[in-house]
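Colleague: My structure is below; once you've seen it, I'll send some questions.
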């Protein structure tokens, strides 16, 4: 890959993860926390403006880049110029701003997996099951573009309506759009983001619906990279059951929520035991793991 292509992909990562404007993300987070946690009749506008302008000098600011690197959830608080402590809403990427929540380590892992399968001529397409705003799949398509690859597709699988209701294996974890409406990103919005990055074309295929309905009948012949981000037991199990048999030997499985959602981890472990998958898991960060399908 040329130096120019590498620079394009690095810039694409920074844009998708909102690393370029992290100070503005911190400012939005700060303002939101002021409105939620403060008595609005007692807001000191001058003090808020001062802290807004000087956000990079606050004690909590360094945690924002750290969230983006590690993909971790961090609870923030800050002492403002009046000596008042205010909690922050914070996460691996503030969901109202970035185009992906996966964090830098996970995005780099995806990049490395795609580079390996291309370098070693492992046949198959790329897919993510559970895409949110589509950031990881946009990067997949950008990778193909940067490398001049026209014979692989990127499959974008999601309900585009949020997560399904939790099952008995998910310990009552309700992440439906009723509880977390920002997790339900519509198909039109995801397609528009692809279009903004000038990466919406015939090499991108959208699969709309619950995985149990769409994945068994999806016209996918072979996969080289299978990225799972369904959070729940049923979503993870349905994706593995339909897609793992299509993963080429030497291909990669990436499980976004293995270390953060018990239902997801249980589904992966159950599948591996039932079907005799013995390849070792490798940890990516505090949330995710991957393994490579044996030849």
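Each reported figure results from applying straightforward, stated rules to the coordinates on display, with no laboratory input. What you see is a predicted model; the values in this text were computed from it and never measured. So basically every Cβ, Gly included, is an ideal-geometry build from the backbone, and we count neighbours across all protein chains shown.
Colleague: Order by neighbour count: 285, 257, fewest other Cβ atoms within 10 Å first, most last.
Modeller: Lowest to highest Cβ neighbour count: 285, 257.
Colleague: While we're on this one: At 7 Å along the Cα-to-beta-carbon direction for both residue 23 and residue 279, put a label point, then send me their distance in nm to one decimal.
Modeller: Reported label-point gap for residue 23 and residue 279 is 4.3 nm.
Colleague: Can I ask one more? Go ahead and run the numbers for FRET between residue 188 and residue 108, Cβ-Cβ distance against an R0 of 22 Å, rounding to 0.05.
Modeller: 0.15
Colleague: Once the Cβ-Cβ distance between residue 6 and residue 31 is put in as r, and R0 is 30 Å, what FRET efficiency do you end up with, to the nearest 0.05?
Modeller: For residue 6 and residue 31, the calculated efficiency is 0.25.
Colleague: Going by how many other Cβ atoms sit within 10 Å of their own, how do 14, 105 line up, fewest first?
Modeller: Values: 14 16, 105 19.
Least to most surrounded, the residues fall as 14, 105.
Colleague: What distance in nm separates the simple spin-label points at residue 208 and residue 195, each placed 7 Å from Cα in the Cβ direction?
Modeller: About 1.3 nm separates the two model spin labels.
Colleague: If you don't mind, there's one more thing I want to ask. In whole angstrom, how far apart do the alpha carbon centroids of the stretch 224-263 and the stretch 184-204 sit?
Modeller: Using only Cα atoms, the two centres lie 22 Å from each other.
Colleague: For 15, 260, what ranking results if the residue with the fewest other Cβ atoms within 10 Å of its Cβ goes first?
Modeller: 260, 15
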